[in-house]
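Here, each number is a calculation from the coordinates, and none is a lab measurement. Here the structure is a predicted model, which means the values were calculated and not measured. So basically every Cβ, Gly included, is an ideal-geometry build from the backbone, and we count neighbours across all protein chains shown.
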Amino acid sequence: MFRSARHLSHKTPRWVRGLAMGVLTAALCTTHVGCGLSYVFRNIAPLHPTGWSFAWPIFASQSQRLEADMAREETQGRVPILDPIPGDFAPAACLDPPSEEEVWDKVPKFKNGSPVFYETQRNNVRFLIEKIGEKVDPCKVYPLAGPCQLVHCHYKCTVYYDELYWADYPIPFNHVDHKVEVVYIDKDHLRRCAGPPAVDAPPAVLPVNPATGASMTH
């Protein structure tokens, strides 16, 4: 029986060399190009107790959803409690109008057309934010907050934008529709109740008896 020269060679098999080269390439890529195993996602990696971790790609939509969830956790579902404003000439109770981002989130979303036939875009967005109502409830005790006043702030937000419909194939066309959306936003918050005016004033001086030099009390 004759055997080829390949079987008579003492070299390492090809699959072993390929596996070793793959392991070496992976080790170099994960330790010298910024994706260090001991740094990326260290706190949430399955190998966190051992001090090792690894990086994996995620979609842009997942990153945006995580950022939106974190922002919603910080802003929505919580009622801010502000300190009292002493003085008879205190400013208005509602001084924090909604931001343009908050208003835009309330505008109804739209579908980005059908990429095969046409696409839709919204351009030239303009905002007009107006305060239409302000009311301060009397002081009362709220659980976990203490004596506070509930401040009602009502805003009317008008959004002007141009909605563009366009396509290049099979029939090229371009159409601009000027639209207006009106959004009403309530930004209520609690304000702590201030103490009586006598608390901040110094105590009155008692009259002194000129004969004895002692303070006169009733």
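Amide H contacts under 5 Å for Gly113: Thr120, restricted to partners 5 or more places along the chain or on a different chain, H placed in the peptide plane at 1.01 Å from N. Spacing of the modelled spin labels on Arg65 and Leu150, each 7 Å from Cα toward Cβ, amounts to 3.5 nm.
Close amide H contacts of Leu82 (hydrogens built in the peptide plane, cut-off under 5 Å, sequence separation of 5 or more or a different chain): Leu190, Arg191, Arg192.
Taking other residues whose beta carbon is less than 15 angstrom from the beta carbon of Val141, and scoring Lys, Arg as +1 and Asp, Glu as -1, yields +2.
Straight-line cross-link partners of Lys156 among the aspartates and glutamates, defined as a Cα under 15 Å from its Cα and at least 8 positions apart when in the same chain: Asp96, Glu100, Glu101, Glu102, Asp105, Glu130, Glu134, Glu181, Asp186, Asp188. Restricting the trypsin sites (Lys or Arg not before Pro) of region 65-139 to loop positions (DSSP other than H, G, I, E, B) with no more than 12 neighbouring Cβ atoms within 10 Å leaves Arg78, Lys109, Lys111. Extending 7 Å from Cα along the Cβ direction at Ala92 and again at His178 yields two label points whose distance is 2.8 nm.
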